[in-house]
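Rule-based calculations on the coordinates, nothing more; no lab input. Model, not experiment: these values are computed from the prediction. For neighbour counting, all protein chains shown are included, and Cβ atoms are generated from backbone atoms with ideal geometry for every residue, glycine included.
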Amino acid sequence: MRESMEFDVVIVGAGPSGLSSAIRLKQLNADLNVCVLEKGSEVGAHILSGAVVEPRALEELFENWQELGAPLNTPVSKDQVFLLKDGQLSKELPHALVPNSMRNDGNYIVSLGNLCRWLAEQAEGLGVEVFPGFAAAEILYHDDGSVKGVATGDMGVSASGEQLSTYMEGMELHAKYTVFSEGCRGHLGKQLIKKFALDSGADPQHYALGIKELWQIPAEKHQPGLVLHGAGWPLEEASGGFFLYHGDNQQVVVGLIVDLNYKNPWLSPYEEFQRLKHHPVIAQYLEGGERVSYGARAITKGGWNALPTMSMPGAMLIGCDAGTLNVAKIKGTHTAMKSGMLAAEAMAKVFADASLPLGETFNELFDRSWLRSELYGTRNFAPAMHKFGTFWGGAFNFIDQNILGGRMPVTLHDTSLDHAQMANASASPKIDYPKPDGKLSFDRLSSVFLSNTNHEEDQPCHLTLADSSIPTGSNLEKFAEPAQRYCPAGVYEIIEQTDGPKFQINAQNCLHCKTCDIKDPAQNITWVTPEGTGGPNYPNM
Amino acid sequence: MKILVGVKRVIDYNVKVRVKADNSDVDLSNTKMAINPFCEIAVEEAIRLKEAGIASEVIAVSVGTSACQEQLRTALALGADRAILVESDAAVEPLNVAKAFAKVMEQEQADLVILGKQSIDSDNNQVGQMLAALTKRPQGTFASKVDVEGQSVAVTREIDGGLRTVKLALPAIVTTDLRLNEPRFAKLPDIMKAKRKPLDTTSFADLGVKAKQHIQLDKVEAPAARQGGVKVASVDELIQKLKDEAKVI
């Protein structure tokens, strides 16, 4: 029998939604016993986002957030949108033609990692127990099928499954309500969606992969508050876009978001990003600078149409674990926070009056919230881009967002599955990526080095295969095993040996981005939690 | 028997160290900090002595800013009974740390002090030896085995080319090497309990220690970046390059 602990609410994942939920619970009822589990070595270690943040939800959580020292230090001062025509040319979109949802007046350039660290301090100040270094590895159920809590993973287990001298059995955390806020494609959230059929009636979920770097640049090039977005080159075989934000302390962040419904198996999001940085629009800021950090994370972007039911018996699914990101704004922090706060408000009501049903109580609060109207109003944005392409989709979105305010009387659906889009390698053009120059562009391994990622070496592999013959079988034959290219951390390799190809999984490099779990055409790879504290140690990402 | 263990807050061993642009120091902004691995081994050894019924109390001691409380709480979660922070915002120097430990050792009437042999940030390897000199007590450094027998402690030391076992009269100072033990993981309930364990804060002034600055940090430089290799077309070209460019033959 594993040891167990009892709580009123257990929250899985110390990101913006989970921490906002914990804080709101304690604000509404200080007597509640609330705990937050976080698999990273510290809060913020696994957090990666652009990020330009809209402070709306934060203002509702803490009216005096500025006084309390929330790390929103750089207001957006200038907003630019570019269309990159090729490796040299670009066109800046006139401000009047930018969809309203993509304008950033009143928003802040932040490090979401630092914002989460601050939120965790506030939560602890209110009496929330925050436990970094502990991964929720397993969902526990009552006999009636409702969620009972979670169990943390065992520590000190060898690669072959034996107990080492440091072995420590996982613990059960039981709660009246368990809140899952693991971020995009949470491995427990995925199980819950399936078990409770939370996505019945919703469109299939859609995903993107975001790759990001943090740079220290020369003072004369730094313009705090400057925000650049753009699309076009180098993405020819996929949709997506780039961002470049000038934060504080002479730092800029640059990143590329690649939609994971791309078809060409030769595409490498990592290398698309590396060559993007050579475009003059980007290179003008990075040249002479130093790269400080690197990371990647998948993004849930299906929006309103793909949003699953967020409550189930004994549990709630919030933030990007459910998919509350507003894709038209390319922002998910304020919506994730709001979803956590609404979940907390619903739970607090049910704690006060046990006769209330959690699901209906939450739905009522949700339906009356700005979160609902924001997600509903932008429901067509991504499907329009997918259906009509960048130009006509963009025109549709301009009319919908700027003239009709999101009230276009139709709803577009995108019912395709991201992983099913891959075309045969033999029928797809190979992409010739330039070699990295070591100044603006770099190889995968020197990038992974900067993510400070580490996993205890002697532990079971946390990237599991349902069928170990697929990578070197059908995946290799049809798609030249695309995991070698879509993984931004070089985890997967096909090694040619005398007795044939071998599929090697370098699990130690893993950045916990979840792309393999999403994009494998055979849906053969399942990401599970490694030993707690394993994974990247991002600074202010 | 009372044991004091040293706990230093250092940059996490997983984090890539960056030098500040002006070379004045290592850049610690936004970096993950952790308990020094050698100190973690010291904490583990002390807890094992307590579990074996040899030690009655384990006190974790740190010198540094208030942020060091985080690492002291970790030591408490691992099993230390209480903690003392000698709070100081100034750079921590080995001699001052040793002086502070000497005072705490005297106040607490500690029988054994277990310290990491060095910290992974400054790599000084000095505090244990200085503390032994200041308190005029015996020292067993680089320990890979510690056996307390009555009023003495047998310490097996890792030395060049072998092991040397010394027997020290208590009170004594021991510094830990890597192979002494493998530290445990903290358990969730113990982390919660650790929040309520006593953590006292004191200062150099309260201890009567003049924390004079003896060391001035002039400059920190990153190792030179490795130059990329080149492919040569022939053995002759290789020989020519080794002669003319590398100048090694």
Simple spin-label estimate for A:Thr411 and A:Phe398 in nanometres, 7 Å along Cα-Cβ
2.8
Calculate the FRET efficiency for B:Glu237 and A:Glu220 from the Cβ-Cβ distance with a Förster distance of 45 Å, rounded to the nearest 0.05.
0.55
The answer for GluC sites (Glu not before Pro) in the range A:194-248 that fall in a DSSP coil and have at most 16 neighbouring Cβ atoms within 10 Å is A:Glu236
For the range B:188-245, which GluC sites (Glu not before Pro) are in a loop by DSSP, counting at most 11 other Cβ atoms within 10 Å?
B:Glu221, B:Glu245
The range A:78-107-the range A:20-40 distance, computed between alpha-carbon centres (Å)
39
For the range B:2-218, convex hull of alpha carbons as volume per residue, Å³:
131
In whole angstrom, how far apart do the alpha carbon centroids of the range B:145-209 and the range A:119-139 sit?
30
Show that you can apply the helix-only estimate: for the protein assembly as shown, add -39,500 (n - 2.57) for every DSSP H stretch of four or more residues, divide by all residues, and state [θ] at 222 nm to the nearest 500.
-7500 deg cm²/dmol
Whole-Å semi-axes of the range B:1-97's equivalent ellipsoid (Cα gyration tensor)
28, 14, 10
I'm a student and want to see the number: the projected area of the Cα convex hull of the range A:21-93, averaged over all directions, in nm².
8.5
Model label zone, A:Ala30; criterion: amide N under 16 Å from point 7 Å along Cα-to-beta-carbon; scope the range A:63-83
none
Count the DSSP beta bridges whose two residues both fall in chain A, then state the antiparallel fraction as a percent rounded to the nearest 5.
70
Considering only A:Gly201, A:Asn424, A:Gly500, whose Cα is most displaced toward the positive end of the charge dipole of the protein assembly as shown, charges sitting on Cβ of Lys, Arg (+1) and Asp, Glu (-1)?
A:Asn424
Highest mean first, what order results for B:48-57, B:81-90 on Cβ atoms within 10 Å?
B:81-90, B:48-57
How high is the relative contact order of the range B:2-218, given as a whole-number percent (alpha carbon pairs under 8 Å, six or more residues apart)?
25
Residues of B:179-186, mean number of Cβ from any other protein chain within 10 Å of their own Cβ, rounded to a whole number?
3
Taking loop as defined by DSSP and a crowding limit of 15 other beta carbons within 10 Å, which trypsin sites (Lys or Arg not before Pro) in the range A:211-279 fit?
A:Lys263
Given the convex hull of the Cα atoms of the range A:441-527, what is a quarter of its surface area in nm²?
6.3
Relative contact order of the range A:441-527, please, whole-number percent, based on alpha carbon pairs below 8 angstrom and at least 6 residues apart.
35
Using only the Cα atoms of the range B:160-244, what do you get for the radius of gyration and for Dmax, in Å?
27.1, 72
Suppose every Lys and Arg Cβ carries +1 and every Asp and Glu Cβ carries -1, with no other charges. What dipole size does the protein assembly as shown come out with about its Cα centre, to the nearest 20 debye?
860
Which net charge results for the neighbourhood of B:Lys219, defined as the other residues with beta-carbon distances under 12 angstrom from its beta-carbon, given Lys and Arg at +1 and Asp and Glu at -1?
-3
Ranking of A:Ser77, A:Ser200 by count of other Cβ atoms within 10 Å, fewest first:
A:Ser200, A:Ser77
Relative contact order [Cα under 8 Å, 6+ residues apart], chain A, whole percent
21
Let me know the whole percent of all Cα-Cα pairs from the protein assembly as shown that are separated by more than 36 Å.
49
Can you give me the long-range amide H partners of B:Ser119? Hydrogens built in the peptide plane at 1.01 Å from N, cutoff under 5 Å, separation of 5 or more residues or another chain.
B:Asn124, B:Asn125
Could you sort out which of B:Lys16/B:Lys219; B:Lys32/B:Lys193; A:Lys39/A:Lys190; B:Lys103/B:Lys187; A:Lys39/B:Lys187; B:Lys32/B:Lys136 sit more than 26 Å apart by Cα distance in this structure?
B:Lys103/B:Lys187; B:Lys32/B:Lys136
Mind checking the dipole of the range A:441-527: about its Cα centre, +1 per Lys or Arg Cβ, -1 per Asp or Glu Cβ, Debye to the nearest 20?
340
If amide hydrogens are placed 1.01 Å from N in the peptide plane, which non-local residues have theirs closer than 5 Å to the one on A:Ala137?
A:Ala151, A:Thr152, A:Gly153
Would you calculate the separation in nanometres between label points at B:Ile215 and A:Trp370, each defined as 7 Å from the Cα along the Cα-to-beta-carbon direction?
5.2
Could you list, bin by bin from short to long, the percent of Cα-Cα pairs of the range A:77-181 in 5 Å steps?
2, 8, 10, 11, 10, 11, 9, 8, 7, 9, 9, 4, 1
Descending packing, highest mean Cβ count within 10 Å first, for A:424-437, B:66-79 is B:66-79, A:424-437
Alpha carbon centroid spacing (whole Å) that separates the range B:85-100 from the range A:178-225
44
